[in-house]
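Laboratory data are not the source of any read-out in this text; all were calculated from the coordinates shown. What you see is a predicted model, and the numbers here were worked out from it, not measured in a lab. Quick reminder, even Gly has a Cβ in these numbers, built from the backbone with ideal geometry, and neighbours come from all protein chains shown.
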Amino acid sequence: MTTMFDISRLLATGVPTWPGDTPFSYEVSWTKEQSGSVNVGKLTMSIHTGTHIDAPFHFDNEGRKVMELDLELYIGPARVIEISGKSSIGAEELKAFELDGITRLLIRTNSWTNPNEFPTEITYLRDDAGPYLAEKGIRLIGVDVPSVDPLDSKVLAAHHTLHANDIHILEGIDLAKIAPGDYELIALPLPLVEADGSPVRAILRPLT
Ligand SMILES: Nc1ccccc1C(=O)C[C@H](N)C(=O)O
Ligand SMILES: [Zn+2]
Ligand SMILES: [Zn+2]
């Protein structure tokens, strides 16, 4: 029997959205009665709502878009670590963990305390995290908050330094029920050709 943990946030009307960004909406735009055969849904949302990946084009006009990212990074072994109660995380906090040989690192910060509201403060990554993680061989970082940077950041130092170190970004995962350890991660982006990111269905399977 395989166990699997869904670490995706639910997408429904009223789901917390980046302040000022497009609200989430799903509607049946063409009912079964109207079409004569099927209900047809219509989706409107920001790409950065809920559990999603960022493509570098999100913060760099010349950056790669979703289809140019390496799919392999979104499937495979991942280590979950827990670093709670910190306003930020950098090389100093990360040094406490064994990360050699890890490609995908998911950090449980527990800092998005009320999942029904967009947070006002989150644990963010300092700009020495990127170089440190790259030195360890990490290629994907996942966080349980809507951003790897402070919410009011305009320069997005963490986004840029992670990208400069070829580390892909997964945001808004729900790790509230996930014990630190090693898992298989699956968090595939949609084939959105022009997009700056993509919602993902993220799951973890224990490694047996
Ligand atoms: N949706 C936004 C609207 C305005 C300003 C920032 C955002 C973001 O999404 C930034 C966040 N760091 C992100 O990558 O998801
Ligand atoms: Zn994003
Ligand atoms: Zn981001």
For residues that are exposed (fewer than 11 other Cβ atoms within 10 Å of the Cβ) and among the small types (Gly, Ala, Ser), scanning just region 1-56, find the one that is farthest from Gly142 (Cα to Cα).
-> Gly36
Specify which of the listed residues (Ala134, Ala157) is surrounded by fewer than 23 Cβ atoms within 10 Å (Cβ to Cβ), within 13 Å of ligand 3 (Cβ to nearest atom) and more than 19 Å from Asn110 (Cα to Cα).
-> Ala157
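On the given criteria, is Asp144 of a type in the set (D, E, K, R), within 15 Å of ligand 3 (Cβ to nearest atom) and buried (at least 22 other Cβ atoms within 10 Å of the Cβ)?
Considered against the rule, which asks whether it is of a type in the set (D, E, K, R), within 15 Å of ligand 3 (Cβ to nearest atom) and buried (at least 22 other Cβ atoms within 10 Å of the Cβ), Asp144 comes out as yes.
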Looking at (1) out of contact with any Leu (no Cβ under 9 Å at 6 or more places or on another chain); (2) in a strand (DSSP E or B), which is the only condition Ser153 fails?
-> (2)
Given the structure, is Val145 in contact (Cβ under 8 Å) with a residue 24 or more places away in the chain, in a loop (DSSP other than H, G, I, E, B) and within 12 Å of ligand 1 (Cβ to nearest atom)?
-> yes
Here the residues within region 136-186 that are within 13 Å of ligand 2 (Cβ to nearest atom) and among the acidic types (Asp, Glu) are Asp149, Glu171
Only one of (1) surrounded by 15 or more Cβ atoms within 10 Å (Cβ to Cβ); (2) within 16 Å of ligand 1 (Cβ to nearest atom) does not apply to Ala78, and that is (2)
Within region 93-131, residues within 20 Å of Asp182 (Cβ to Cβ) and over 15 Å from the mean Cα position of the chain (by Cα) come out as Glu93, Leu94, Lys95, Ala96, Phe97, Glu98, Leu99, Asp100, Gly101, Ile102, Thr103
Reported set for region 160-208 where residues are within 16 Å of ligand 1 (Cβ to nearest atom), charged (D, E, K, R) and either assigned to a loop (DSSP other than H, G, I, E, B) or more than 15 Å from the chain's Cα centre (by Cα) (or both) is Asp174, Asp196
Can you run down the residue pairs with Cβ atoms below 7 Å, 6 or more apart or on separate chains, where the first is in region 85-112 and surrounded by fewer than 20 Cβ atoms within 10 Å (Cβ to Cβ) and the partner is among the acidic types (Asp, Glu)?
-> Lys86/Glu93; Gly90/Asp128; Ala91/Asp128
